[in-house]
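K.L.:
There's a structure below that I have some questions on.
The values are calculated or read from the model by the stated rules, or taken from the named source; none is laboratory data. Just so it is clear, the model here is predicted, and its values are computed rather than measured. Don't worry about glycine lacking a Cβ; one is built from the backbone with ideal geometry, like all the others, and counts go over all protein chains shown. Surface accessibility is based on the protein's heavy atoms, side chains included, excluding ligands, DNA and RNA. Shrake-Rupley method; radii C 1.70, N 1.55, O 1.52, S 1.80 Å.
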Amino acid sequence: MANTVTTPWWMTTVVIPVANIVLAFAVCSLLFLYIEVNPIDAIVAMVDGSFGNTEGLGYTLFYATGYIFTGLAVAVAFHCGLFNIGGEGQATFAGLGVTAVALALGPIMPMILVIPLAIIMAGVFGAAWAYIPAYLQAKRGSHIVITTIMFNFIAASLMVYLLVDWLRPPGSMSSESAVFPTNSWMPRVWEWFGWRRSPLNLTFIVALLAAYGTWLFLWRTRWGYEVRALGFNHNAARFAGISDSKVVILAMLVSGMLAGLFAVNALLGDLHQLKLGYVAGFGFTGIAVALMGRNHPVGIVLAAVFFGFLYQGGAELKFAYEVDRNIVVVLQGLVVLFSGALEHMLKQPLTKLYIRFQVKKKEEPAHV
Amino acid sequence: MFDIILVMVDATLRVATPLIFAALAGLFSERAGIVNIALEGKLLLGAFAAAAAAYFTGSAWAGVFAAICVGVVFAWLHAFATVTHRGDHVVSGLAINILAAGLTVTLARHWFDMGGQTPSLFGDARFRPITLPFVDLINYIPVVGTIYREVISGHTILVYMSWAAVPLVWWMVFRTRFGLRLRAVGENPQAIDTAGIGVAKMRYLALTVCGVLAGLGGAYLSIAHSAQFIPDMSAGKGYMALAALIFGKWRPVQALLACLLFGFLEAVAIRLQGVEIGGFVVPVQFIEMLPYVLTVVLLAGFIGRAIAPKSIGKPYAKERT
Amino acid sequence: GCSNDEPAATAAAAEESSSFRPAVVYDVAGKFDKSFNEAVFRNGVETFVADKGVAVREFTPDNESQREQAIRRLAQDGHSPIVTVGFNFGSAVEAVAADFPDTQFAIIDSVVDAPNVQSLVFQEHEGSFLVGALAAMVSETSTIGFVGGMDIPLIRKFACGYEQGAKYVNENINVLQNMTGSTPTAFNDPVRGGELANSQISQGADVIYAAAGGTGLGVYQTAADNEIYAIGVDSNQNYLQPGTMLTSMEKRVGTAAYTSWEQSMMGNWEAGVQVFGIAENGVDWSLDEFNRDLISADLETAVNDIRSKIVSGEIQVYDYMQNGDCNYAAM
Amino acid sequence: MSQDNNKPLALELKGIDKRFGTVHANRGIDLQVEKGTIHGIVGENGAGKSTLMSIIYGFYQADAGEMFIDGQPLIAKDSKAAIDAGIGMVHQHFMLVHNFTVLENVILGAESSPLLNRSMSDARATLKQLEKDYNLQVPLDTQIQDLPVGIQQRVEILKALYRGAKVLILDEPTGVLTPQETDHLFKILAALRDQGTTVIIITHKLREILAVTDNVSVMRQGAMVAHLKTKETSREELAEQMVGRKVLLRVKKGESTPSQERLRVEQLNYTDKHGVPRLKNLNFSVRAGEIVGIAGVSGNGQSELLEVLAGMKALTSGRFAFGDTWITHEAPLNAEQIRHLKVAHVPEDRQAQGLVTAFPASEAFILGYHRDPQYNHKVLMKQKDIVADCAKQMKKWDVRPPIPDLKTANFSGGNQQKLVLAREVERDPDVMLIGQPTRGVDIGAIEFIHQEIIRLRDHGKAILLVSVELDEIFSLTDRILVLFDGQIVAEVNTADADERMLGLMMANAHEEEVAHG
Ligand SMILES: Nc1ncnc2c1ncn2[C@@H]1O[C@H](COP(=O)(O)OP(=O)(O)OP(=O)(O)O)[C@@H](O)[C@H]1O
Ligand SMILES: Nc1ncnc2c1ncn2[C@@H]1O[C@H](COP(=O)(O)OP(=O)(O)OP(=O)(O)O)[C@@H](O)[C@H]1O
Ligand SMILES: [Mg+2]
Ligand SMILES: [Mg+2]
């Protein structure tokens, strides 16, 4: 039929994302100039502080680990056509599971059992917190965006209650649990490789495995097939005998599980105790990570490193210039804006340009 | 007991005001087919703009004006992404919320260097409660007088504006040409387009009104309800307003009632700590959770299904490319 | 703003660790919170810089995981002593102090038991007793209020001292008490503070003491709007709403920080718990040009009388922390 | 062009060109429409008719070309400009707000006052007059969603007239109407013409063109290929112009030899989620080796019947059986379970139901069979086998291009349909449920698909065929069931049926008409 010209892969996966990031940086530079920080210096400080030495790199990859989990969580739900804004709450809730295992079993079990158990619990708790919104979406049609947002708030309140009334050691004033026994601490990378100290830990490997697992799940199993089929075209899914509600719930369980694994990195890997608000917006930023990573595990790992860089670079900026780290939040917002909400702004003209060029090449001889 | 109820109702009205503004703002947006989780960010930006402008100028009205301007600008950004470039509405909303969180604190630190807060506002730089006329006159009438004095009178001007806004919005949406087109563009933009009215124009207009109202809500937070901006001061009110809008089935009066309900629950949570129910102390966190749990329960369809404007969240594109 | 002229403070700076390089890490509310952190800044950092001509490196973390990162970073860069403002730093200081045995650390409001950590704790109940007594003296309704920030033992300690002071003056006084919340945001929620004050006022309170950080600002505002008295906390907050700020319960955290740096500079810094009570000038009530008109000579004498009784030990103020309750009558 | 110029032109187009991304929808189109005539435009699906009309109406903007209305240049930068110039359009898919009343829909965008009540009372008077003039009765205060499509169409016409249209464009107005409703519409159009309105009507039903128009233009693949006077042309000529070559009107097929019963339906009822009964007490059966056609005007339950039988919707009461497995409301089976009963389903709308167009062909090719052990290890799928199988079938069914990795959306309609047929047929089913097998498919593919369906019948499949094209029903089926309002109103052997009779049955006017006649 019509001469179809497809845009080449490098257009959508390299040129456009990079253009969007550059645009975000450019706009943010204006803000840097306004607050009297030379944007070039700022970027140099950020890059140097996050990749320039093993400590910075460690932090960058540590943050990236968290983003990989929350980004994958968003992506899996997205492939099912769902917007899981509840990563924050799922990770929060999973923190309770991890804490329970670490505090209850840590003293009586060897590391080799405690850590895997804690990982499982993180997944189970995360999934459990995603289950209710999923169920309500599947069976009662409540809008999952609203319900997951509400579940973030509910998780936050629940966490306060449990932490303050139950988990806080008597007499302690901070809202934190007791410190976990050391045999539930994730081995840290710097101890092994002679790096400078950073919280980067074995969970990074778990995150990479999770990314690979997510890819296998989505593109190499029949369940992933059903998730994607439903996400793209729910009529076709119904035609194929795919159960809407089962698949929605499955996708959200996997999504919640991935978000829950965030707790492993943050709690077993770094904090070693449950603290209020320990998720610190990573659940939300996971949405940006997934968007930038185009909802593909490989893209997500790369985007996660990018966001890890932003986060660590932001801290570095603060050390260097005393500017508020929030300027990096602005940068994140701009990245979401340009690579998410305004994705067509550059994509359309660029691809149009490309197509016009290609069509001319193809059509001229045939049609005059 | 009567006293406690009065105090609660009084607080409810104060706490619900930003929700009312934001819900009405959302109403314009969503009726026009634009999902607006950016309400949260607009409230925050409005609050910051109002506090900063009021501080610099010493005038609360200048603060309101600034909040409205900022509300409208970010509403246009939302429109630019979702209408002009047909971006995803939720993603655009999130981007604005993230931007709002970052921008307010960055600018606040740059201008005031107070950990992201603005300085406290004094005198005319903030709105004060106004005592309505005739309070003394009818004060002596038993119940009515007390209610008038304690509950109706003694709020800031913005509270009264929010009350006035509800019937005004109702009239605009259901009794004017603008309202007819607004509702049509959210139900079936093609019908609007083929009727010779620009879909984009209608949606920009709707979002402009949305920005104005959200700005008012933000201004209320920082220069009427309190007297300074603090980071993350919106604290989820934008989301709650959206939920109220959905309960209200996208109708102003019902949305108002939902806002009052949420406001009431918040007022309860503020005041009732360690309430005992049958000897069991209800943790305050559970009361704080209540609006959220209620939202979830109600959304699960126990109030009858809310039917959203039909083309909400769908980018309008004539040409598939 | 705060000028920090050092170029990017990276590892290179750490080399010259021989020189004296004090540092402070504020809590997330920041050094301009008009309260706790600000007191460290105004009466600690600013005065120290002015007196000694030595720069103090300042830092404010943004979130939980940055606390430890910041302290560690400062220690690595050769800063010492590092004063951390607030009990929230407890676990972070504990962890970092173990890794940097040669660096001196100080923590305010918390006790960390390590050979290189100084724990600076205050007798807030004594100061609160004073302002409670004053509140009872001026109250006409025999009802006074207390608005706490986050519901933790430390804040209960304030409340308990306040109540004791009030009852000492007027046994039948009604002391309304509210906590703003159970998370750290309870220290930074003026809106909620205002609502709580409103509620106490409607129950008859005519003096309200806020021990709630930034939340207090809403309390003072509401008190001013309703023309009743409010009592400030931590810093001298009398200037905030002149005319209705009865006094402030000063907790001289700034002085404590100052002392720690000075000791280190002089070489007589010692680890361990240091207690700051009324006797040590660590807590006190404040009287300045902003509240001079509110405090009659009689009142002043009466309060100072109680003050000296506390110093002398004639009045023993019960500390909530002793048993985690406010059963002072049992003593 | 051979149009005599005695009549002035109401509308003239010169060199209109339009692309949608890679699709060249209109290629340099010239058109002249005489004032006070009914002008037909015919062309196959996707020929570009709707696009052209939408350009005139200002809904799309042409990339190149000029338009004139009454000799004056028309710059239709948006629909408002076109409306102001006196153009009205009834779109193929109605442009109505479903939860507005008729009155609100009519005034939308043409309100006489900023206040709604004033506008509505103004409009009410005008509309009463129009209703009378053109015999276009509509209930003004009823919501659109409560009205049948025929009436909705009248609302669209009223909308145009209310705005003072001098040129009225109707895009495929008869697709949703029974032959009798169509006749009524044509009477209205004739009345409009007689009062001086120019009418442009689009359809691909040649009979209608011949019945109602004065002039006719033919479009093929985005270009205007002929302008003819209706009186001087014939069905055959038009068909040939439309498809660009001589076309076979019917496929050849032998006698059917039905054997055992494969599908049996008893007292089947289906009520949709809004509580509207869609299928009422259906009873029929299909035997191996026969093709049973379901005829009816769109929206009379054909789609629901297919979906219920295929397990996509659960029946409300009654029962049906494939072979000897009974399916009831109490014991429903989903689409997958039904497929296991050796039932294949070619859905009516392949893009919306039969395929996931974002998937590569190899993945779309296993939709519905993705759980088969053939394609699965314990956990992972047998990726290589899937691709190989797809490649094999693509070759066999001549799907072009035969690339299993190509995104399904990038195949043309006919090739997509072949992919779906290949998938469903190659599992050797006993029963086939086929909906609209050739909708939007080019002629070459139609021939191929029709022959394939006949071949399947001859191999002993039991086939249930739903089609809105009566021609297709006639040329393929052995038996015809007529659905009207969810009921089977007639059953005839194809050999005994003729088009007129079927049309009457589809309108359920059979009995009356017979009584009259
Ligand atoms: N909005 C659009 N965006 C992209 N492509 C379009 C759009 N509308 C139509 N097309 C494409 O343009 C071509 C012509 O479509 P058009 O709707 O004009 O055909 P038509 O003759 O009206 O067909 P039908 O009989 O099916 O209505 C088709 O290939 C179609 O897919
Ligand atoms: N010779 C042919 N071979 C294949 N398809 C054809 C042929 N002639 C017409 N068609 C297609 O068949 C469809 C209907 O054609 P036509 O208008 O002749 O049918 P009709 O009998 O007049 O109408 P109706 O089906 O409403 O009774 C059109 O889509 C047209 O493209
Ligand atoms: Mg068409
Ligand atoms: Mg036909």
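K.L.:
Return the single residue from B:P18, B:P309, B:P283 with maximal mean-square fluctuation; model: Gaussian network over chain B, springs between Cα atoms under 10 Å.
P.N.:
Ranking B:P18, B:P309, B:P283 by mean-square fluctuation puts B:P283 first.
K.L.:
On to the next question. Label point 7 Å out from D:E261 along Cα-to-Cβ: which residues of the range D:300-325 have amide N under 19 Å?
P.N.:
Under cut-off, by backbone N: D:309-310, D:317-325.
K.L.:
Quick one: accessible surface of A:F51, probe radius 1.4 Å, all protein chains present, in square angstrom to the nearest 10.
P.N.:
Rounded to the nearest 10, the figure is 90 Å².
K.L.:
For chain C, compute the number of Lys pairs whose alpha carbons are separated by less than 28 Å, excluding pairs fewer than 8 positions apart on the same chain.
P.N.:
Lysine pairs, 8 or more places apart or on different chains, close enough: 13.
K.L.:
Where the only charges are on Cβ atoms (+1 Lys, Arg; -1 Asp, Glu), what is the dipole of the protein assembly as shown about its Cα centre, to the nearest 20 debye?
P.N.:
On the way: 121 positive and 146 negative charges, 1100 e Å.
The calculated dipole for the protein assembly as shown is roughly 5280 debye.
K.L.:
How much net charge surrounds D:A344 when only other residues with a Cβ under 11 Å from its Cβ are counted (Lys, Arg +1; Asp, Glu -1)?
P.N.:
Numbers: positive: D:R339, D:K342, D:R423, D:R427, D:K461; negative: D:E424, D:E426, D:D428, D:D430.
Around D:A344, the surrounding residues sum to +1.
K.L.:
Still on this model: Which whole-Hz ³J(HN,Hα) couplings does the range C:314-319 yield from phi under the Karplus relation 6.51 cos²θ - 1.76 cosθ + 1.60, θ = phi - 60°, glycine and proline marked x?
P.N.:
Per-residue couplings from phi come out as 5, 9, 9, 8, 6, 9 Hz.
K.L.:
Cross-link partners among lysines for D:K280, C-alpha distance below 27 Å, same-chain residues fewer than 8 apart left out?
P.N.:
D:K313, D:K342, D:K461
K.L.:
Find which of A:S50, A:A155, B:A206 sits farthest along the positive direction of the dipole of the protein assembly as shown, computed with +1 on the beta-carbon of Lys and Arg, -1 on that of Asp and Glu, about the Cα centre.
P.N.:
B:A206
K.L.:
How large, in percent, is the carbon and sulfur part of the accessible surface of the protein assembly as shown at a probe radius of 1.4 Å?
P.N.:
Values: 32520 of 57260 Å².
Within the protein assembly as shown, the accessible surface is 57 percent carbon and sulfur.
K.L.:
If you average the C-alpha positions of the range D:115-169 and of the range B:256-273 separately, how far apart do those two centres end up, in angstrom?
P.N.:
48 Å
K.L.:
A further question follows. Hey, what's the range B:2-302 come to in accessible area per residue, 1.4 Å probe, Å²? Working shown, then result.
P.N.:
On the way: 9670 Å² over 301 residues.
Dividing the accessible area of the range B:2-302 by its residue count gives 32 Å².
K.L.:
Return the average number of partner chain Cβ atoms within 10 angstrom of each residue Cβ along peptide B:178-185.
P.N.:
Working: counts 3, 1, 11, 3, 0, 5, 8, 2.
If you average over the peptide's residues, the count of other-chain Cβ atoms is 4.
K.L.:
With each run of n ≥ 4 DSSP H residues scored as -39500 (n - 2.57), what mean residue ellipticity at 222 nm is computed for chain D after dividing by its residue count and rounding to the nearest 500 deg cm²/dmol? Kindly include the intermediate steps, with their values, before the conclusion.
P.N.:
Values: 17 runs with 167 residues, N = 517.
Result for chain D, helices only: -9500 deg cm²/dmol.
K.L.:
Averaged over peptide B:116-128, how many Cβ atoms belonging to another chain are found within 10 Å of each residue's Cβ?
P.N.:
Numbers: counts 9, 9, 0, 2, 8, 1, 4, 0, 0, 0, 2, 0, 1.
Partner Cβ neighbours, averaged per residue: 3.
K.L.:
Next question. Is it possible to state the helix-based mean residue ellipticity at 222 nm for chain C, with each DSSP H run of 4+ residues giving -39500 (n - 2.57), the sum divided by total residues, to the nearest 500 deg cm²/dmol? What is it?
P.N.:
Working: 11 runs with 124 residues, N = 331.
Estimated from H runs of four or more residues: -11500 deg cm²/dmol.
K.L.:
A further question follows. Reachable aspartates and glutamates from D:K392, Cα under 12 Å, same-chain residues fewer than 8 places away excluded?
P.N.:
Partners within reach: D:E426.
K.L.:
Restrict the search to the range D:61-159; then list the trypsin sites (Lys or Arg not before Pro) that DSSP places in a loop and that have at most 13 other Cβ atoms within 10 Å of their Cβ. Write down the numbers at each step before the final one.
P.N.:
On the way: sites: D:K77, D:K80, D:R118, D:R124, D:K128, D:K132, D:R154, D:K159; in loops: D:K77.
Answer by residue number: D:K77.
K.L.:
On to the next question. Non-local amide H neighbours of D:V90 (under 5 Å, H modeled in plane, Pro and chain starts lacking H): which ones?
P.N.:
D:I169, D:L170, D:D171
K.L.:
Related question: For the range C:36-190, what is the accessible area per residue in Å², given a 1.4 Å probe and the full set of protein chains? Please report the intermediate quantities before stating the final value.
P.N.:
Details: 4420 Å² over 155 residues.
On a per-residue basis, the range C:36-190 sits at 29 Å².
K.L.:
So if I restrict to the alpha-carbon atoms in the protein assembly as shown, what is the Rg, and what is Dmax, the biggest pairwise distance, in Å?
P.N.:
According to the Cα coordinates of the protein assembly as shown, Rg and Dmax are 37.6, 123 Å.
K.L.:
Now a separate question. Based on the alpha-carbon gyration tensor of chain A and its eigenvalue square roots a ≥ b ≥ c, which shape applies: rounded if a/c is under 1.5, prolate if not and a/b is larger than b/c, or oblate?
P.N.:
Details: a/c = 2.04, a/b = 1.29, b/c = 1.58.
Oblate is the answer for chain A, as a/c is 1.5 or above yet b/c matches or exceeds a/b.
K.L.:
Might you work out the accessible area of A:V14 for me, using a 1.4 Å probe with all protein chains in place, and round it to the nearest 10 Å²?
P.N.:
So the heavy atoms of A:V14 present about 70 Å² to solvent.
K.L.:
Beta carbons within 10 angstrom, averaged per residue: use that to sort the peptides A:282-294, C:30-42, highest first.
P.N.:
Packing proxy ranking, top to bottom: A:282-294, C:30-42.
K.L.:
Given Cβ point charges of +1 (Lys, Arg) and -1 (Asp, Glu) and nothing else, what value in debye, to the nearest 20, does the dipole of the range B:2-302 about its Cα centre take?
P.N.:
Values: 18 positive and 15 negative charges, 185 e Å.
Magnitude of the dipole: close to 880 debye.
K.L.:
Just to confirm, what accessible area per residue do you get for chain D at 1.4 Å probe, in whole Å²? Kindly include the intermediate steps, with their values, before the conclusion.
P.N.:
On the way: 21300 Å² over 517 residues.
Normalised by residue count, the accessible surface of chain D is 41 Å².
K.L.:
What size of dipole, in debye to the nearest 20, comes out for chain A about its Cα centre when the only charges are +1 on Lys and Arg C-beta atoms and -1 on Asp and Glu C-beta atoms? Can you show the working numbers first?
P.N.:
Values: 21 positive and 17 negative charges, 246 e Å.
Roughly 1180 debye for chain A.
K.L.:
Can you list the GluC sites (Glu not before Pro) in the range C:183-279 that are in a DSSP coil and have 11 or fewer other beta carbons within 10 angstrom? Could the numbers behind the result be given before it?
P.N.:
Numbers: sites: C:E195, C:E227, C:E250, C:E262, C:E270; in loops: C:E227, C:E270.
Answer in residue order: C:E227, C:E270.
K.L.:
Want the number for D:D471 to D:E426: 0.36 nm per residue separation, take away the alpha-carbon distance, what's left? Walk me through the numbers on the way to the answer.
P.N.:
Numbers: separation 45, 0.36 × 45 = 16.20 nm, distance 2.67 nm.
Between D:D471 and D:E426, full extension yields an extra 13.5 nm.
K.L.:
As a test of the definition: with a 1.4 Å probe, what buried accessible area, both sides summed, do you compute for B against D, in Å² to the nearest 100?
P.N.:
Answer for the B-D pair: about 2200 Å² buried.
K.L.:
Right, something else. By average Cβ neighbour count within 10 Å, what is the ranking of A:147-158, D:293-304, C:299-310 from highest down?
P.N.:
Highest to lowest by the protection proxy: A:147-158, D:293-304, C:299-310.
K.L.:
Could you compute how much accessible area chains A and D hide from each other, both sides summed, with a 1.4 Å probe? Nearest 100 Å² is fine. Before the final figure, lay out the partial values.
P.N.:
Details: alone 17990 and 23790 Å², together 38870 Å².
Chains A and D together bury roughly 2900 Å² of accessible area.
K.L.:
Ok, one more. Among A:V279, B:I130, B:A95, whose Cα sits farthest toward the positive end of the charge dipole of the protein assembly as shown (+1 at Cβ of Lys/Arg, -1 at Cβ of Asp/Glu, about the Cα centre)?
P.N.:
It is B:A95, whose Cα lies furthest towards the positive end.
K.L.:
Quick check: the angle from helix D:116-134's long axis to the longest principal axis of chain D, C-alpha only, nearest 10 degrees?
P.N.:
Taking Cα atoms only, the helix is inclined about 90 degrees.
K.L.:
Right, here's the next one. For chain D, with the dipole built from +1 on Lys and Arg beta-carbon atoms and -1 on Asp and Glu ones, taken about the Cα centre, which of D:V276, D:F68, D:Q353 lies farthest toward the positive end?
P.N.:
Result: D:Q353.
K.L.:
How much of D:R264 can a 1.4 Å solvent probe reach, expressed as accessible area in Å² and rounded to 10?
P.N.:
In the full protein context, D:R264 sits at about 80 Å².
K.L.:
Okay, next question. Under a crude label model (7 Å from the Cα following the beta-carbon direction), how far is C:Q322 from B:D3 in nanometres?
P.N.:
So the label points at C:Q322 and B:D3 sit 3.4 nm apart.
K.L.:
Using Cα centres only, tell me the gap between the range A:58-112 and the range A:217-267 in whole Å.
P.N.:
After rounding, the separation between the Cα centres reads 17 Å.
K.L.:
Span-like helices, chain A: DSSP H, alpha-carbon axial extent 20 Å or more, mean Kyte-Doolittle 1.0 or greater, which ones? Please report the intermediate quantities before stating the final value.
P.N.:
Values: long enough: A:16-34 (28 Å, 2.27); A:54-79 (36 Å, 0.96); A:87-105 (26 Å, 1.14); A:111-135 (35 Å, 1.94); A:144-162 (26 Å, 2.11); A:203-220 (24 Å, 1.42); A:244-263 (29 Å, 1.73); A:297-321 (34 Å, 1.21); A:343-366 (34 Å, -0.97).
Span-like helices in chain A: A:16-34, A:87-105, A:111-135, A:144-162, A:203-220, A:244-263, A:297-321.
K.L.:
Would you look at the GNM of chain C, springs on alpha carbons closer than 10 Å, and say which of C:K167, C:K251, C:K52 moves the most?
P.N.:
Maximum fluctuation in the GNM of chain C, among the listed residues, is at C:K52.
K.L.:
Taking K and R as +1 and D and E as -1, what net charge do the other residues with C-beta under 11 Å from the C-beta of D:K49 add up to? Write out the running numbers ahead of the final one.
P.N.:
Numbers: positive: D:R220; negative: D:E44, D:D171, D:E172.
Combined, the nearby Lys, Arg, Asp and Glu give -2.
K.L.:
Here is a further query. Which aspartates and glutamates, on any chain, are close to D:K187 with Cα under 18 Å apart, when same-chain ones fewer than 8 places away are left out?
P.N.:
Here the aspartates and glutamates satisfying the reach criterion relative to D:K187 are D:E131, D:D133, D:E156, D:D171, D:E172, D:E208, D:D214.
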